[in-house]
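What follows is a set of notes on a single structure, which appears directly below.
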Amino acid sequence: MANKPSIPKGTRDFGPEEMAKRNYIFDTIKHVYALYGFQQIETPAMETFHTLMGKYGEEGDKLLFKILNSGDYLKTISDEEILQRNILKLQTKLCEKGLRYDLTVPFARYVVMHREELHLPFKRYQIQPVWRADRPQKGRYREFYQCDADIIGSDSLLNEVELLQIIDTVFTKFGIRVQIKINNRKILTGIAEVIGEREKIVAITVAIDKLEKIGLSKVNEELRSVGISDEAIDKLQPIIKFDGSNEEKLDVIAGVLKDSEIGLEGVNELRFILSKLKLLNLQNETQIDLTLARGLNYYTGAIFEVKALDTQIGSITGGGRYDNLTGIFGMQGISGVGISFGADRIYDVLTTLDLYPKESVSGTQVLFINFGDKETAYCLPIISKVRKAGIRAEIYPDSVKMKKQMSYANAKGIKYVALAGETEMNVNKITLKNMISGEQTLVSSEELIKYILG
């Protein structure tokens, strides 16, 4: 007996209705990106190991999917090395490539390789799948799509303002109420300075970024486990627990960071961004969150994260400023800022809240019944005319019992059925049946088009 087929955990199949919904998401985001002057690119699913490793922090590196070298991948490995089971050492010899973890690092690589072709600032968007060897759970998948927009080659904070506008526009179009959280990595660096632990900024940001997931006591435990002193942890408490308006938070943190040049720089950047957003009357709230850290190492300035207000699914969009990412690939002095929409999580939110417009998931609008060769010959030119009018139409391919054809229309949710038999052909018309109301109308091809288009 053949084994029952399956797919890897953390991946999914998508049927026609699901694909219609996903395309609605992609098309909406693409449309907004285009409104702001972004251009589309694509990069390979796999990148060299050298490109990927060391860009996402220790935890991110562990989640990279590695691709075994082709052919005899063990030929350069000795028996002694295999017995030692040093995974980190072995993977550098066994794997030269990996599946991309996100779209930002491949984009930085792309910019370096295509520098002579680009006009800076370069505004690109990219909608492709990424892979992470994470533990699958609700809202978290091992294969998922990201919808990225980045502006590279400009230090202007107007870019951050524009990306926040894009976030607000997209979710307003979707009808999803969200809260946009914003912070600045320079503020976090300043906090690490004033509590005397600047050299451990990465460990601090990784820990406090988990505050919402694991709670304050667990965060403090993690801080102790990486060598942060109790005195420093005590100084951190009032900062990460402080609540108030955006202005109050900025005033308080400016006082705390009065002796930190980089910290105050982060405060001033947030003041600028928020002052410009006030001019734009965004539909969704933007809130400073001093615990927001965005665990990825490459962020250096403003950082963003978006959460849906009406369902608990976690972050559905994130991003931030990365001043030195291309420097890793040999191109210094190129600053960038970007956002990434999590298409799979947005899909789940729209499904949970039933926010898909009916027209976005509708398929065939009219099915022509097949009564035989003569009737088909009569219908084919009409179907062509109907399609040219922008109506999605099909003819049942086989001349089978009408009950079966009607069942097909019902199964696909087709609203209209067109019937052309001897009677209709004699008067050069068609009977159009509304499958919802059951109403039947004798119409010409022109009238059929007007009727369906409303």
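The values are calculated or read from the model by the stated rules, or taken from the named source; none is laboratory data. Computed from a predicted structure; not experimentally measured. When we count neighbours, we look across all protein chains shown, and the Cβ atoms used for this are built from the backbone with ideal geometry, even at glycine. Note: areas computed on protein heavy atoms with side chains; ligands, DNA, RNA excluded. Shrake-Rupley method; radii C 1.70, N 1.55, O 1.52, S 1.80 Å.
Reported count of residues in segment 209-242, each being farther than 25 Å from GLU59 by Cβ and either out of contact with any helix residue (DSSP H, G or I) (no Cβ under 8 Å at 6 or more places or on another chain) or open to solvent by less than 30 Å² (accessible area, probe 1.4 Å) (or both), is 3. In the set (1) modelled with pLDDT of 95 or more; (2) more than 18 Å from ILE25 (Cβ to Cβ); (3) not β-branched (Val, Ile, Thr), the condition left unmet by LYS138 is number (1). Checking segment 290-302 against the condition returns no match, with no residue being surrounded by fewer than 18 Cβ atoms within 10 Å (Cβ to Cβ), assigned to a strand (DSSP E or B), modelled with pLDDT of 85 or more and within 25 Å of the chain's Cα centre (by Cα).
Contact map, segment 294-312: residues that are within 20 Å of GLU162 (Cα to Cα) paired with residues that are modelled with pLDDT under 85, Cβ distance under 6 Å, separation 6+ or inter-chain. Pairs shown: THR300/ASP323; ILE303/ARG294.
Per-residue answers, yes or no, for (1) at pLDDT 95 or above; (2) more than 29 Å from ALA133 (Cβ to Cβ); (3) of a type outside the set (S, T, N, Q):
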| site | (1), (2), (3) |
| --- | --- |
| ALA2 | no, no, yes |
| PRO5 | no, no, yes |
| LYS9 | no, no, yes |
| PRO16 | no, yes, yes |
| MET19 | no, no, yes |
| ILE25 | yes, no, yes |
| ALA34 | yes, yes, yes |
| PHE38 | yes, yes, yes |
| PRO44 | yes, no, yes |
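Residue under question is ASP168, and the condition is that it be under 23 Å from the mean Cα position of the chain (by Cα), surrounded by 18 or more Cβ atoms within 10 Å (Cβ to Cβ) and at pLDDT below 90; does it hold? Considered against the rule, which asks whether it is under 23 Å from the mean Cα position of the chain (by Cα), surrounded by 18 or more Cβ atoms within 10 Å (Cβ to Cβ) and at pLDDT below 90, ASP168 comes out as no. Within segment 9-25, if we keep just the residues that are part of a loop (DSSP other than H, G, I, E, B) and either among the aromatic types (Phe, Trp, Tyr) or open to solvent by 90 Å² or more (accessible area, probe 1.4 Å) (or both), the residue that is nearest to SER362 (Cα to Cα) turns out to be PHE14.
For segment 26-57, residues that are in a helix (DSSP H, G or I), open to solvent by 70 Å² or more (accessible area, probe 1.4 Å) and within 19 Å of LEU99 (Cα to Cα) total 1. Of the strands (runs of 3 or more DSSP E) entirely within segment 104-200, those holding at least 3 residues that are outside the structural domain of ALA34 (by the TED database) occupy 178-184. Within segment 12-58, track down each residue that is over 13 Å from ARG124 (Cα atoms) and of a type in the set (Ser, Thr, Tyr). Selection gives TYR24, THR28, THR48, THR51, TYR56.
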